[in-house]
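Worksheet: one structure, shown below.
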Amino acid sequence: MTYDVVIIGSGISGLYTSINLSEDLKVLVISKDELKINNSYLAQGGIAVVLDKDDNYEIHINDTLIAGEHTNNIKNLDILVKEGPIDVMKLVDIGVDFDRDEHGNLSKTLEGGHSKKRIVHHKDKTGKEVINTLLNYITNKENISTMDKTLVADINKENDLFGVVILRDEELKTIYCKSLVLATGGIGKIYKYTTNSKIATGDGIALAHNLGAAIKNISKIQFHPTALNLGSNERFLVSEAVRGEGAFLLNKNGNRFMLDYDERGELAPRNVVAKGIYDESIKLNSEEIYIDISHKDSEFIKNRFPNIYDNCLKYGLDITKDKIPVFPCEHYLMGGIDVNENSESSIENLYAVGECSHTGIHGNNRLASNSLLEGLVFARRAAQNINKQIKNDKSRIHNKETKVYKKGTISIDNNLRNKIQNIIQDSYFIVLDKEKSKKGIIEINNIITDLKSNDYIRDVDYYEIRNMAIISKLVLGEVLNCG
Ligand SMILES: Cc1cc2nc3c(=O)[nH]c(=O)nc-3n(C[C@H](O)[C@H](O)[C@H](O)COP(=O)(O)OP(=O)(O)OC[C@H]3O[C@@H](n4cnc5c(N)ncnc54)[C@H](O)[C@@H]3O)c2cc1C
C-alpha cells in the first residue's frame, strides 16, 4: 500500500497533523495500541495560551524562558506563543468543550511558573476531551484512514519513498509513503516510575536514530513533582493545577517546606519543586510527602478535579478531606528528534511533532501546559510544509510491492524491560549518579548486543525492549558526556 503521508501516532500531534493536511492527500494514521491509548489522552491540566487582554505574548515567552533557564530556542518559542491562539481557537471551532465562566468566556487557570491565568482546560480531563473531539472529527475525513494495534517496527528510506515496516496481526509487512511524520510521544517507560502511558517507549526516536536523523537533548527529562505514591509502579498524576488552585506540599511532619527552597513556594517551576521534594526527602530521610487541598471548598474540588477525585477515591483517599501521598517521577522529555520551525528533521521528508520532537522551545525545563500547545502549533506547521512540498512534487504516484519478513524463533525475556527501567531509575532520577550510569551503560550495551545476535521472535515486546535499550543508551551517553 502507498500513501502520500503516513503519520505514526494518534495523540494530539499526530491527529492534529492529519486534519491540517490537504484533503487531496491520502493519509494514514497508525497507532500501536488503541487510538486513545497515549499521553495526550491522559493530559489533565490544560493548554497554555495567551487569550486575555491582561496577558500578552511577551509575558508567556518570559515565563517559558524562566522555566527553561533561558536555554530555549527563541525563534521557535516566539512561533509557539504567537501562533498558539489560532490553533486553540481551531480546537474550539471543531468542538472541544473547554470550561467557560459565568459570562461564557473560556475559563483559564494558573499553573506553576505562569504569572497569568492562561491555561484553558476541560475540568481535569483536557486530553480526553481533545482526543475524543479530534478522533470524532477525522471520521468525517475521507482522505484520512487509521490503523490501530499496529506497531511500526522499522523505517527505511528507499530512494524518494519511506518503507514503513508494520507489525499487525503477528505479520510484518511494509507500506510506503512520500512523507513520514513521527508523532510517537515520550520515553517515560524507560523509567520504573513514570506518569506516562504504556506506549511511551521512545519508538519514534529510536527509529529516527537508526535511520541517521539528528537527536538532540535526549537527557533533558522532566520529573513531575506530584505523582500519587502508593509504593507501587503505578504513578497517577496529581496535576500542577491542584497547586495552581492553592494546594500545599507537606513533609512527613505535616509542615510546608517549599518556601525553604524557593520563594515561589509550591508554584515554582516543576524542576524546582521536584528538586525541593527530593532534597526534603533526603533531609528527613523519608519519601513521605503529601499534597493537601482539603482547605478548599469540597464542592469546588470535586467539580474542578473530578478525575483526580475519582482516582484517589479508588485507593480510599478523599482529596476533599485527606492529604495525598505524592513523590516526583518521570513525566516528560524536552529533547528528541531535532527539527526546524517546520518540524522537518535532518532527513528529507521525515517530520517529527509533539513530544518525540526537539523544537527547543522548552529549554532545560518545560513550563506546565506548553506541551499540548507545541503538539498543535508544530503539527500544523508540519502539515502546511508537507502540503507545499507534495504539491510541487510531480512524481507522487507510486506502485510498490509489500514485502513480508521472517519473524525469528526465540521468545524474548520480558524481564528485560524491568532491568532497563531499574538501571535508568537508579542512574538518573532528578540527580545523576555517575558511577551507576557508567555501569548502567555497559549493561545496556550488553542487552543491545544480545538483541542483535539472537534470532528473537519479532513481536511487540522485542521491538519495545529494543527501542527502550536504544533510548537508554542515548540518554546515559549524553548525560555522561555532559559531565
Ligand atoms: C498524565 C499526563 C498529564 C499531562 N498533562 C498535560 C497537560 O495538562 N498539559 C500539557 O501541555 N501537557 C501535559 N502532558 C504532556 C502531554 O500530554 C504530552 O507531551 C503530549 O500529549 C504528547 O503528545 P504526542 O502526540 O506527542 O504523543 P502521545 O499522545 O503520547 O501519542 C503517541 C502516539 O504514538 C503511537 N506510537 C508510539 N510508538 C509507536 C509505534 N512504534 N508504532 C505505532 N504507533 C506508535 C502511540 O500508539 C500513540 O498513539 C501530560 C502528560 C501526562 C503523561
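Below are the figures for this structure:
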item: Search result, residues across segment 292-326 that are assigned to a strand (DSSP E or B) and within 15 Å of the ligand (Cβ to nearest atom); result: VAL326
item: Any hit, segment 224-245, residues being open to solvent by 10 Å² or more (accessible area, probe 1.4 Å), in contact with a Gly (Cβ under 6 Å, 6 or more places away or on another chain) and within 15 Å of the ligand (Cβ to nearest atom); result: no
item: Top-ranked residue in segment 424-483 [being basic (Lys, Arg) and without any contact (Cβ under 8 Å) to a residue 24 or more places away in the chain; ranked as least open to solvent (accessible area, probe 1.4 Å)]; result: LYS436
item: Filter pass, GLU287 being touching a strand residue (DSSP E or B) at 6+ places or on another chain (Cβ under 7 Å) and in a loop (DSSP other than H, G, I, E, B); result: yes
item: Sole exception among (1) within 11 Å of the ligand (Cβ to nearest atom); (2) open to solvent by 10 Å² or more (accessible area, probe 1.4 Å) for GLU171, by number; result: (1)
item: Residue in segment 399-422 that is surrounded by 22 or more Cβ atoms within 10 Å (Cβ to Cβ), part of a helix (DSSP H, G or I) and touching a residue at least 24 places away in the same chain (Cβ under 8 Å) present; result: yes
item: Residues (assigned to a helix (DSSP H, G or I) and touching a Pro at 6+ places or on another chain (Cβ under 9 Å)) located in segment 224-257; result: GLU240, ARG243
item: Unique residue being in contact with a strand residue (DSSP E or B) (Cβ under 8 Å, 6 or more places away or on another chain) and either crowded, with 24+ Cβ neighbours inside 10 Å or of a type in the set (Val, Ile, Thr) (or both) when the list is VAL50, VAL5, VAL96, VAL81; result: VAL5
item: Sole residue being crowded, with 17+ Cβ neighbours inside 10 Å, without any contact (Cβ under 8 Å) to a residue 60 or more places away in the chain and not in a loop (DSSP other than H, G, I, E, B), chosen from THR133, THR146; result: THR133
item: Conditions (1) open to solvent by less than 20 Å² (accessible area, probe 1.4 Å); (2) within 12 Å of the ligand (Cβ to nearest atom): number failed by GLY68; result: (2)
item: Considering residues of segment 62-79 that are touching a residue at least 40 places away in the same chain (Cβ under 8 Å) and touching a helix residue (DSSP H, G or I) at 6+ places or on another chain (Cβ under 7 Å) only, the residue nearest to GLY335 (Cα to Cα); result: ASN72
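Rundown of residues vs (1) within 14 Å of the ligand (Cβ to nearest atom); (2) crowded, with 21+ Cβ neighbours inside 10 Å; (3) over 15 Å from SER18 (Cα atoms), yes/no style:
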| site | (1), (2), (3) |
| --- | --- |
| GLU158 | no, no, yes |
| VAL165 | yes, no, yes |
| THR184 | yes, yes, no |
| LYS192 | no, no, yes |
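The values are calculated or read from the model by the stated rules, or taken from the named source; none is laboratory data. Because the structure is a prediction, the values reported are computed rather than measured. As a convention, Cβ positions derive from the backbone with ideal geometry for all residues, glycine included, and neighbour counts pool all protein chains shown. Each accessible area value is taken on the protein alone, full model and side chains, heavy atoms only, with ligands, DNA and RNA left out. Shrake-Rupley method; radii C 1.70, N 1.55, O 1.52, S 1.80 Å.
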